[in-house]
Structures are given as structure tokens and as C-alpha cells.
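J.: Right, I'll just put the structure down here and ask away after.
Values in this text are rule-based calculations from the coordinates and carry no lab data. Everything quoted here is computed from the prediction, not taken from an experiment. No Cβ is skipped: glycine too gets one built from the backbone with ideal geometry, and neighbour counts run over all protein chains shown.
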Amino acid sequence: MKKLVLGVVLAAILATGTAAADSPVHPDGLGIGILWGSSFGGYGYGGNIALSLKVPSMPIFWGITARIQEHWTAIGVQGDVYIMGSYFVGDILGWFLGIGGYGNFGFGNNNAAIGLGVRLPIGLTFQPIPLLEIFANITPQIGLAIWTGGDGGIDFPHGGLFGFEIGLRLWF
């Protein structure tokens, strides 16, 4: 199972590495931030907190997610490439459209699950000063999970069919 996850992550990195290196509406530097997101429909995981990271040498906006509850813990990674976008007002307010994927692992209640899926973030970005970006997006998504333990089986659709995220990044 570890080899499968590693192979999917590597394939996503290689596939997106051929995309344009710059986002249509985001700065070129190092972006570090935090976001909160949730999902609905299918078997959604509810609210997740994530570290947001954009390194200058890659076209991928990364998210490292975590959800910790009393009887369930999940960690994951998501990566998006923003393929379209433009500004409404100068370099301050803009929109973007991306494509990406996610992978997560969760455990608790005598179960464990690994999930993989694709996402389509569509959002707004507001950058009042060069250092600070505030963003929000909706994220249609679909995925598949494999469960072990008492509730073992395959879960489709996994991760919620519709998600949203809000967050902020600092750009250096």
C-alpha cells in the first residue's frame, strides 16, 4: 500500500511538473500560510486545518492537512496547479482555476483508511499588500478510499463531492 501511495504522489508531481511554472494570479516567491477547509457530500471528512506551501521552483500549491477528533485522526497532502486566472483590480483582487489531487490516511474506531482523489479548486485571491494574500475557493472533488478493520471495504465517492477552503499566505 505504501508503494501505491508513493507511486501516485510521484506521478502527480511529474505530471504537474510540465505545467507553467508561474500561477496566473499569485506572486513568484515562497508562499507559506494556513487554511481551513471542509467538504460535503459522499463521505466527507468535515473540517481540516492545513499548512499551505508554495515553493518558487514548483508550480504546485501544496497543502498538508490534519484532522484530529476524539475517535478519528487523519493526515493528508493535497497539491494543485493553477492553470487559469486573472486580476479584477490591479494586482490586488483576482480569480483562479486549478486542477489537483489529494491523498490521505486516517485511523481510529478499529478502522484505517487510505484515500486518493482529484480536485478542481475555483477561487478568489485578495492581496492588499505584497506580503499578504487572503484566498477562498470552492473545490469540487471526487475520490476513492479503501478501508480495513470492522467497516472494511471500498468507499466511493470519498472525501466529499464539494469542498471549500479559506486561508492566508505570506509571500517572501
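J.: At Ile68 and Ile134, where each label point lies 7 Å from the Cα along Cα→Cβ, what is the point-to-point distance in nanometres?
T.: The answer from the label model is 2.8 nm.
J.: Would you mind ranking Met84, Met58 so that the residue whose beta carbon has the fewest other beta carbons within 10 Å leads the list?
T.: Ranking Met84, Met58 by Cβ neighbours within 10 Å, fewest first, gives Met84, Met58.
J.: So how do Glu165, Glu70 line up by other beta-carbon neighbours within 10 Å, fewest first?
T.: Numbers: Glu165 22, Glu70 7.
Fewest-to-most Cβ neighbours within 10 Å comes out as Glu70, Glu165.
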